């Protein structure tokens, strides 16, 4: 059973109420309704609907409850009333109660199935079409059609066959017919408090040890993750503000690659971050907030092995960052630059790749030939030492970092090279060379680059048996370059 209260304060009553005094200001109808039931829907500023199921234990029967509502509303504001008369209607559904309260004065009780005896004679223009989610333009069109049919009241509209109304007026017409007959069924639209994903605490005494601070963080994280679970949300950004004893503010920030809501993982990540960036003074207050987002949904295939849990991966990366530094861990990313071997280390992220259906054998064979041709052309363009046999292609292995070399050059051409480090060495006479190819760029920066590149064949000490049963030394192809600003030579890599 639902009760609708319809009424409003007159302008003279509002003006006569002393403003600025506590408890004496104008009282809204919704605030008045909360004194009778915690389930209140504010349909309009002058209309509220309350669920009176179970209120009989306090107020008696539903009719006695309606009398009590009307009596208290007529009392003065100082006594907790509204200072004006209201219409109260009781019905089996909220929409029927709203129509009865708006167009019937005093107290109205409508038994289930007897709604049309109460407001069946109302004209169709009194139909509150917004209650069923129909806009004004569509409702006006339907009401004009009904007027042309000679249907003018709620009772006449409810008496029409539902099949005919559906065929001619659609689903919107059926909704309006149920509304006119008082047969709609819905739940009250109860206002929900705004979700706040922020917790804070003021400490009784300063904390300078991480172990004691972990208990405070664990308490706040439990409350925060419980709120996220209640709204089926997660977070990928967590902010912690530590108010220090000296009045300063120490902030910690966690940017996660994917949404999570595990308070244990958050606590371990925050403790690792606090160890790397400890606060300079004792902590007297902690505030924690997050940005709520939709949780990550992942469904693996039936025959695909399960990957490691993302939370464990994030913890492992955090522990590695603590050991080697956050700037030395991540995944390489090529920069949009012509600078040779330009890259940066970014935060490691797992990217989900969709599996594509395998190509047919004919498509695979057809696509294999042009790829081999393109790789052959690229190898030819990189070096004049491209393999003369077109069945083979060159591969290039880059030395990181490049080997610093001593090069003997006569007339600008390299003649002999000597380079080494702990794991490899390059030395020997240059038997053939191609180049130089000069590349420069970013002249406007302090670290501008300019170098001459060569492809050289160096005669090694080992010998192999060549074609025709002749034994001769082997030749290895290298890429070398000279920095123009410093004149230093480097071995960049080797061709395979």
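The values are calculated or read from the model by the stated rules, or taken from the named source; none is laboratory data. Only a predicted model underlies this, so the values are computations on that prediction, with no experimental measurement involved. Ideal geometry is used to build each Cβ from the backbone, glycine not excepted, and the neighbour counts take in all protein chains shown.
Brief remarks on what is shown
A quick yes/no check of all residues on (1) modelled with pLDDT of 90 or more; (2) exposed (fewer than 13 other Cβ atoms within 10 Å of the Cβ); (3) within 19 Å of residue 404 (Cβ to Cβ):
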residue: 430; (1), (2), (3): no, no, yes
residue: 442; (1), (2), (3): no, no, no
residue: 445; (1), (2), (3): no, yes, no
residue: 459; (1), (2), (3): no, no, no
residue: 465; (1), (2), (3): no, yes, no
residue: 470; (1), (2), (3): no, yes, no
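- Meets criteria (loosely packed, with under 10 Cβ neighbours inside 10 Å, at pLDDT below 75 and either closer than 26 Å to residue 234 by Cβ or not assigned by TED's automatic domain parsing to the domain that holds residue 444 (or both)) for residue 315: no
- When we screen 216, 190 for residues that are part of a helix (DSSP H, G or I) and not assigned by TED's automatic domain parsing to the domain that holds residue 94, the only hit is 216.
- Residue satisfying condition, being in contact with a helix residue (DSSP H, G or I) (Cβ under 9 Å, 6 or more places away or on another chain) and not in a loop (DSSP other than H, G, I, E, B), within set 139, 111: 139
- Of the numbered criteria (1) exposed (fewer than 14 other Cβ atoms within 10 Å of the Cβ); (2) in a strand (DSSP E or B); (3) out of contact with any helix residue (DSSP H, G or I) (no Cβ under 9 Å at 6 or more places or on another chain), the one residue 232 fails is (2).
- Taking every residue in the stretch 303-330 that is in a helix (DSSP H, G or I) and pairing it with any residue that is modelled with pLDDT under 70, at least 6 positions away or on another chain, the pairs with Cβ-Cβ distances below 9 Å are 310/298; 310/350; 313/307; 313/348; 313/350; 316/308; 317/348.
- Residue 239 under 24 Å from the mean Cα position of the chain (by Cα), over 30 Å from residue 1 (Cβ atoms) and outside any strand (DSSP E or B): no
- Unmet requirement for residue 55, which otherwise passes all of (1) under 24 Å from residue 187 (Cβ atoms); (2) in contact (Cβ under 8 Å) with a residue 40 or more places away in the chain: (2)
- Meets criteria (farther than 30 Å from residue 247 by Cα, surrounded by 11 or more Cβ atoms within 10 Å (Cβ to Cβ), at pLDDT below 75 and not assigned by TED's automatic domain parsing to the domain that holds residue 223) for residue 305: no
- Within the stretch 198-212, the set of residues being part of a helix (DSSP H, G or I) and touching a helix residue (DSSP H, G or I) at 6+ places or on another chain (Cβ under 7 Å) comprises 210 only.
- Residue check for residue 264: out of contact with any strand residue (DSSP E or B) (no Cβ under 9 Å at 6 or more places or on another chain), closer than 25 Å to residue 324 by Cβ and surrounded by fewer than 17 Cβ atoms within 10 Å (Cβ to Cβ): yes
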